[in-house]
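The values are calculated or read from the model by the stated rules, or taken from the named source; none is laboratory data. In this text, all values refer to a predicted model and were calculated from it rather than measured experimentally. Note that each Cβ is placed from the backbone with ideal geometry, even for glycine, and that neighbours are counted across all protein chains shown. Heavy atoms of the whole protein, side chains included, go into the accessibility calculation; ligands, DNA and RNA do not. Shrake-Rupley method; radii C 1.70, N 1.55, O 1.52, S 1.80 Å.
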Amino acid sequence: MAVMLQRYLVALDRHKWAAIAGFLVVMSLSGVAAMQPQPPSEFVAAGTLAYSAPPVTLSQTGTALQQQGQSLTAEFLLSDAVVNAVAQSLRLDPIAIRERAEVIVNPGADDRDRQEREAAGYRVLVRYRHPDATLAQEAANRLMEAIVEQSRQFNAQQLSRIADNLQQLRSQVGQELQQAERALEQYVRQQAPAVQAAQEGDVLGAITGGEAQQRQIQLAIAGIDAQIRSLQARLGLTPDQAYASSALSADPIIANLRAQIYQTESQLQILAPDLRPEHPTMIQLRNQQQAYEQLLQQRVTEVIGGNQQAAPLPNSNQIRQDSSLDPARQQLANTLVNLQTQRDTLAQQLTTLQQAEGQLRQQYASLPNRQLQQARLQQNVALKQNSYNQIEARLADVTLAEKETVGSLVVLQPVQTELAAADNPSSAAILLVGGFVGLLVGGGLVLLLDSLDATFHTLQDLQTALRQQEIPVLGLLPLLPDRGALPERTRTRADLPIAPLDSPYLEPFDRFRSNLRRSTGSKFPKLVILTSTIAQEGKTVTAYNLAIASAHAGKRTLLIEADLRSPSQAAVLKVTPDPIGAIDPLRYYSQPNDCIRMVPDIENLYLLPSPSVQRQASAILESSEMRRLLDEARGRFDLVVLDTPDLSRYNDALLIEPYVDGLVLVTRPNYTEEPLLNEAIEQFIESEEIQFLGAVINAAEMPMQPTFTGFDLQSMANDREEMSTSG
């Protein structure tokens, strides 16, 4: 809380004129409002409407609408239609009527309990304000009449909408009822016979009779199979073979061809011993035999028929053998064929009976589903019919209610007019409220302007920002006292304050030096760059006093003014730059023994002043002469401090950073800006080449009592004036 209060006081000190201006503006407006003349007296005409209990009606809908009148809101009661009707009757502006009229539903209901509200019933308070008492009373009466009429029209419109909706709903439900009836009728027409047969037991009897017939046919087939097996054993023929042999044996043409073939074969056997096979007679007999066999094959095809599917066509020898059945075997073969035919017939009958039984069983199994579906269709028809009947009854009720429509509100208390009490605030109250609001506005302006300011204005804010970035704070440096103005001819860009050797102001810089020594571990950084984000943060003051503290601690120290874009501050330490540096800076830096000067009055301190403001500062810093100078300084001195320009304008510090041991960022409250600081720290952290050692906070508020003895600032100013005069 103390930190926030301190921060607010700092912001108030910076933006006090904005706070004063905001306070004065609000107070001026309050004064103008307090000086306004009092409005003229007004008359208030007020009347009360009440919910009218519904009369005895024949329709339930009318009673329900009357009860809905108790839920009307003030916005509905004071609608545009009501305002326009009153404005037209009184010939007034509707806007003026709406501004002066007021409708309150159930006034004072929040201050009463539930039982009192129920006992009081629904109330509507109608008010109208106007300087003219007669006009106020007339307007209030017209408002009450218009509200009552609107209530009646509202009930009529509600009934009309209900009737229209019921008409549409009746048409829709009627169509759905017709569809349900057609679906039931179609289902009954298709499924009723099957359901009736199943319910009367015909299906179950048919299934039982079919099973009995199947058993009889199966017994008959078993007997026929036994007979067939017996005949096959006797004949050695299958039924197909028996059919073929019986057909061949019964054909006379086949018998005649068999006889001729036998006769030809007999002649060939008789003549074979006496005649050679080439003898014409032998050839003729063989030709006759082949002809008879071909004829026999053709006749067999004609007799057997069936495209050789009933019985395959045998060869000539087999034909002659199969066609030679005696009458008894031929009779047995015919019997075998007849039995096979009977068996096939009975098997086909059995298959047909089994299929019919399956259909009957399926029909019997689906009986519950059919009955359930029929019941569902009947129930759907009943529901649709019931809905249709209810809509018809409701429509008749609404039609009757339209003829009985009355308003829901009646006049409970006639309009009464009285003078309105003035409730305007006093001038003192207005000024008091204005003063309080002015303080709030002024304080708010201070906070707003402070939030828009990106500068760190307190030491705590700057420390918090560095701590959040995990940046080590190498030292808190005090604000050195003002050294006074120098003579005009020796004045530099700024009066640079330095801490005397025997003053307590030098102690924080010595702590900074020791912290800097420990920042890199065991290896002490010899070459250190001091830079800042913007100007006026005190980097040059810090560099000079750090060098003085190091020399005072017995360290051989060199201070290099690497800010080649600003004039030299060497005169503060009674050191005069070599004039040759302004003419040829590269030659100036190439001779370290000539450009490095010993500081009088401070032991172990050396200074390399900048020659002058250089346009090619970047080229000089990147030159080989500067690199050799830094290498030689590393070997000759214990600590080398380089003062470089700020980073917001130039990147000179980054150009020479690769040749040094680390970089220190100088910050200062009321000068350091948060975006620039975060950007610089982010650049240092993300870079793998930059050795960022930490930051110091300059011009911190620290309790000190400076004593100026010995190395006096005023004496230094006098010495510089004498040197300038003698020069």
Taking segment 639-690 and keeping only residues that are touching a Pro at 6+ places or on another chain (Cβ under 8 Å) and more than 20 Å from residue 608 (Cα to Cα), one is left with 689
Using the structure shown, decide if residue 615 is in contact (Cβ under 8 Å) with a residue 24 or more places away in the chain, open to solvent by 60 Å² or more (accessible area, probe 1.4 Å) and of a type outside the set (A, V, I, L, M, F, W, C).
no
When segment 556-595 is examined, which residues are found to be touching a helix residue (DSSP H, G or I) at 6+ places or on another chain (Cβ under 8 Å) and of a type in the set (A, V, I, L, M)?
558, 559, 560, 562, 564, 571, 572, 573, 580, 586
Inspect segment 518-533 for any residue being open to solvent by 40 Å² or more (accessible area, probe 1.4 Å), under 19 Å from residue 475 (Cα atoms) and at pLDDT 90 or above and give the result as yes or no.
yes
Using beta carbons and a limit of 8 Å, which pairs, at least six apart or on different chains, have the first residue in segment 153-168 and within 13 Å of residue 396 (Cα to Cα) and the second one of a type in the set (S, T, N, Q) and surrounded by fewer than 16 Cβ atoms within 10 Å (Cβ to Cβ)?
163/399
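Could you tell me which of the residues 30, 52 is surrounded by 14 or more Cβ atoms within 10 Å (Cβ to Cβ) and either farther than 30 Å from residue 444 by Cα or modelled with pLDDT of 80 or more (or both)?
Values: 30 fails: either farther than 30 Å from residue 444 by Cα or modelled with pLDDT of 80 or more (or both).
Only one candidate qualifies: 52.
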Qualifying positions in segment 613-638 - hydrophobic (A, V, I, L, M, F, W, C) and not in a helix (DSSP H, G or I)
613, 637
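Of the residues that make up segment 624-645, is at least one at pLDDT below 90 and either more than 29 Å from residue 684 (Cα to Cα) or basic (Lys, Arg) (or both)? Can you show your working first?
Of the residues in segment 624-645, the ones at pLDDT below 90 are none.
There is no residue in segment 624-645 that is at pLDDT below 90 and either more than 29 Å from residue 684 (Cα to Cα) or basic (Lys, Arg) (or both).
Yes or no: segment 661-674 includes at least one residue that is at pLDDT below 85 and either open to solvent by 40 Å² or more (accessible area, probe 1.4 Å) or hydroxyl-bearing (Ser, Thr, Tyr) (or both). Explain how you work it out, then say what you get.
The first filter runs over segment 661-674 and keeps only residues at pLDDT below 85, leaving none.
Among the residues of segment 661-674, not one is at pLDDT below 85 and either open to solvent by 40 Å² or more (accessible area, probe 1.4 Å) or hydroxyl-bearing (Ser, Thr, Tyr) (or both), which makes the answer no.
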Within segment 639-660, residues being crowded, with 16+ Cβ neighbours inside 10 Å and outside any helix (DSSP H, G or I) number 11
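Working carefully through the options 204, 237, 248, find the one that is assigned to a loop (DSSP other than H, G, I, E, B), modelled with pLDDT under 80 and not acidic (Asp, Glu).
Values: 204 fails: assigned to a loop (DSSP other than H, G, I, E, B); 248 fails: assigned to a loop (DSSP other than H, G, I, E, B).
237 is the lone residue from the list that is assigned to a loop (DSSP other than H, G, I, E, B), modelled with pLDDT under 80 and not acidic (Asp, Glu).
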Taking residue 717 as the residue in question, decide whether it is closer than 19 Å to residue 468 by Cβ, open to solvent by less than 60 Å² (accessible area, probe 1.4 Å) and modelled with pLDDT under 90.
no
Considering (1) surrounded by 17 or more Cβ atoms within 10 Å (Cβ to Cβ); (2) at pLDDT below 85, say which one residue 380 fails and leave the rest.
(2)
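A quick yes/no check of all residues on (1) modelled with pLDDT of 85 or more; (2) closer than 30 Å to residue 232 by Cα; (3) part of a helix (DSSP H, G or I):
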| site | (1), (2), (3) |
| --- | --- |
| 244 | no, yes, yes |
| 254 | no, yes, yes |
| 259 | no, yes, yes |
| 269 | yes, no, yes |
| 289 | no, no, yes |
Residue 545, sole failed condition from (1) of a type in the set (S, T, N, Q); (2) open to solvent by 50 Å² or more (accessible area, probe 1.4 Å); (3) in contact with a Pro (Cβ under 9 Å, 6 or more places away or on another chain); (4) within 25 Å of residue 681 (Cα to Cα)
(2)
Any residue at all in segment 590-612 that is in a strand (DSSP E or B) and either farther than 25 Å from residue 627 by Cβ or within 60 Å of the chain's Cα centre (by Cα) (or both)?
no
